[in-house]
Amino acid sequence: MTIRLLLVDDQALIRAGFRMILEEIDEIDVVGEAPDGAGAIRLAADLRPDVTLMDVRMPGVDGIEATRRIVARDPAARVLILTTFDLDEYAFAALRAGASGFVLKDVPVDELTRAIRSVADGDAVVSPRITRRLLDVYATHLPDLSTGATEHVRTALDQLTPREQEVLRHIARGYMYKEIALRLGISAKTVEAHVSSVLRKLQLSTRHELSAWAAKREL
């Protein structure tokens, strides 16, 4: 399957460099480019790409607001954030806005390609260099488990169906949607539907928050 990709960055040379690299990969087709968030929003609506590769810091409408509007219009849209710094708080805000993950601009080509494939398949991707930082950020929003931890987790899990609990435990182990589907004998789309249900029941917003929630409770 060919992955239709929209490339968004305010620097023309960077866009040209990414296009040159990505067009060498048979399964990726760069269907459009935008120099800012406003252009990204328009092209995402017109072209309906499988993945939008989005810079964070751009003049006018930045990558965060563009991601928020794109996902609000089409919840199935996949946005992969590109950032220069692994401590870039704008990138975390983009995840909260609905991005499917983010990678650093200096990422090796093979890792970038894997990230694009994973996002296109419905998985979430976070650069290994910022995973610890991501967990630390979300941990500050998690309840204190020092008292009644077991009861708290049991109450939360009781909201979930047995299948949803299975999916959650696989998420906690770091499996991607396709891997979970293979292990449980269901489709990746069904896994994604279960994850959406779990997020709603646990009052979480993103796959990243769910991973942090599960990791914190050692599921």
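The values are calculated or read from the model by the stated rules, or taken from the named source; none is laboratory data. In this text, all values refer to a predicted model and were calculated from it rather than measured experimentally. Positions of Cβ are generated from backbone atoms using ideal geometry, with glycine treated the same way; all protein chains shown enter the neighbour counts.
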Discussion item. Exactly one condition in (1) modelled with pLDDT of 80 or more; (2) part of a helix (DSSP H, G or I) is false for Leu204; which is it?
Written reply: (2)
Practice prompt. Identify the single condition in (1) under 23 Å from Arg68 (Cα atoms); (2) modelled with pLDDT under 80 that Glu151 does not satisfy, given that it satisfies every other one.
Written response: (1)
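Here is a list: Ser205, Ser196, Ser211. Which entry is buried (at least 19 other Cβ atoms within 10 Å of the Cβ), closer than 18 Å to Ala97 by Cα and polar (S, T, N, Q)? Spell out the reasoning first.
Values: Ser205 fails: buried (at least 19 other Cβ atoms within 10 Å of the Cβ); Ser196 fails: buried (at least 19 other Cβ atoms within 10 Å of the Cβ).
Residue meeting the stated conditions: Ser211.
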Practice prompt. Could you run through segment 160-202 and say how many residues are over 15 Å from Asp123 (Cα atoms) and either touching a strand residue (DSSP E or B) at 6+ places or on another chain (Cβ under 9 Å) or aliphatic (A, V, I, L, M) (or both)?
Written response: 5
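What about Ala66, is it surrounded by fewer than 18 Cβ atoms within 10 Å (Cβ to Cβ) and touching a helix residue (DSSP H, G or I) at 6+ places or on another chain (Cβ under 8 Å)? Don't jump to the end; show me each part of the working.
Details: surrounded by fewer than 18 Cβ atoms within 10 Å (Cβ to Cβ): no; touching a helix residue (DSSP H, G or I) at 6+ places or on another chain (Cβ under 8 Å): yes.
So Ala66 fails the test.
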Worksheet item: Is it the case that Gly174 is in a loop (DSSP other than H, G, I, E, B), at pLDDT 80 or above and under 20 Å from Leu95 (Cα atoms)?
Response: no
